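Asker: The structure is given below, and queries will be raised subsequently.
The values are calculated or read from the model by the stated rules, or taken from the named source; none is laboratory data. Small disclaimer: the values here were computed from a predicted structure and weren't measured. No Cβ is skipped: glycine too gets one built from the backbone with ideal geometry, and neighbour counts run over all protein chains shown.
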């Protein structure tokens, strides 16, 4: 049962899934909304520029019916006259065509936004599969499209009947009207009926838009297994990530080892911890930790220090405190300034002694280290005291 639930598409699409769908040209679209906006824009354009178009058509008709006698017997002149009339019509109706062009580009962005995908132009031969085509004919989406087509037909028919029945008297009187008055009334009636019909399509679009958005979201739904797989791909293969971390640690270890020969002193526990410290005499900062390690790494630090004649001092409490409260490259804590200063003073005095002789400096065996910085003391204080009889 658990396996079946993992295979059910119950999870909402992730941003990566949606982005991939958009790259493939798959975005939510409502043809009803686009058709409605186009027709409504055309109707409003005709309403705003109707008188201009009527005058242009009238002038074009008059010009087309008037021609010289020679044009009737010369096909070339007749064709030139027809082409001039067509060109004039194109110029007159260019504003409306431009309006519809802009609306045709802007309308798809109402839901889904603009989306240009190269993959959408690649032929998909799988769509030519007749078996798949037949199955799509009986799909849920096809049924919805059929219901929408029937609803549009019924709605447009009902609205048309209502518009015609309300203006039936004016329609019957058209034959009795003078030519100019009749043409004007016909224009008004046609425009009125057109706008009412387009207004009825708004209802279809208002229903179709939420349905298309829900249908798109359902289509992109993912199974729990797909979510897990996408998460793995996004975060990377755990084995590869572990390998990368191992390589990073190896690089950091090699870099740390290369800094040990530059250190001034190595402070040890003596065997469990080793911390190498470097102090720049011409600098303004505190001494820094250039290397540190425990157990095997501590042994390696001591070996490299011995190879390069770096002084090694066994001060367990200070070594534990430095190891616990510093990271590579950090300055030593302020609470350990005095302790480290004593150690460095010994190191610098020892260098002078080796060069010039004189009194041999005393090795500092104990230095002032606060108990709260020693993890061993802190851990011992946290343990419950033994019950004595």
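Asker: Which residue, of 186, 144, 156, is assigned by TED's automatic domain parsing to the domain that holds residue 30, at pLDDT 80 or above and on the phi < 0 side of the Ramachandran plot?
Answerer: 156
Asker: Can you confirm whether residue 376 is surrounded by 11 or more Cβ atoms within 10 Å (Cβ to Cβ), at pLDDT below 85 and within 17 Å of residue 268 (Cα to Cα)?
Answerer: In short, yes.
Asker: For the range 160-183, how many residues meet the condition of being over 18 Å from residue 197 (Cβ atoms), in contact (Cβ under 8 Å) with a residue 12 or more places away in the chain and either touching a helix residue (DSSP H, G or I) at 6+ places or on another chain (Cβ under 6 Å) or not assigned by TED's automatic domain parsing to the domain that holds residue 201 (or both)?
Answerer: Adding up the residues that qualify gives 1.
Asker: Could you run through the range 96-127 and say how many residues are assigned to a helix (DSSP H, G or I) and at pLDDT 70 or above?
Answerer: Filtering the range 96-127 down to residues assigned to a helix (DSSP H, G or I) leaves 96-110, 119-121, 125-127.
Now narrow it down to the ones that are at pLDDT 70 or above: 96-110.
Here the count works out to 15.
Asker: Would you confirm whether any residue within the range 225-233 is modelled with pLDDT of 80 or more and in contact with a helix residue (DSSP H, G or I) (Cβ under 6 Å, 6 or more places away or on another chain)?
Answerer: yes
Asker: Could you list, ordered by first residue, the pairs with Cβ atoms under 9 Å in which the first is in the range 78-95 and in the same structural domain as residue 55 (by TED's automatic domain parsing) and in a helix (DSSP H, G or I) and the second is surrounded by 14 or more Cβ atoms within 10 Å (Cβ to Cβ) and at pLDDT 80 or above, at least 6 apart or interchain?
Answerer: From residues that are in the same structural domain as residue 55 (by TED's automatic domain parsing) and in a helix (DSSP H, G or I), the pairs are 95/45.
Asker: Among the residues in the range 332-352, are any over 19 Å from residue 367 (Cβ atoms), surrounded by fewer than 14 Cβ atoms within 10 Å (Cβ to Cβ) and touching a residue at least 24 places away in the same chain (Cβ under 8 Å)?
Answerer: No, the range 332-352 contains no residue that is over 19 Å from residue 367 (Cβ atoms), surrounded by fewer than 14 Cβ atoms within 10 Å (Cβ to Cβ) and touching a residue at least 24 places away in the same chain (Cβ under 8 Å).
Asker: Which one is surrounded by the most Cβ atoms within 10 Å (Cβ to Cβ) among residues in the range 138-151 that are without any contact (Cβ under 8 Å) to a residue 60 or more places away in the chain and touching a helix residue (DSSP H, G or I) at 6+ places or on another chain (Cβ under 7 Å)?
Answerer: 151
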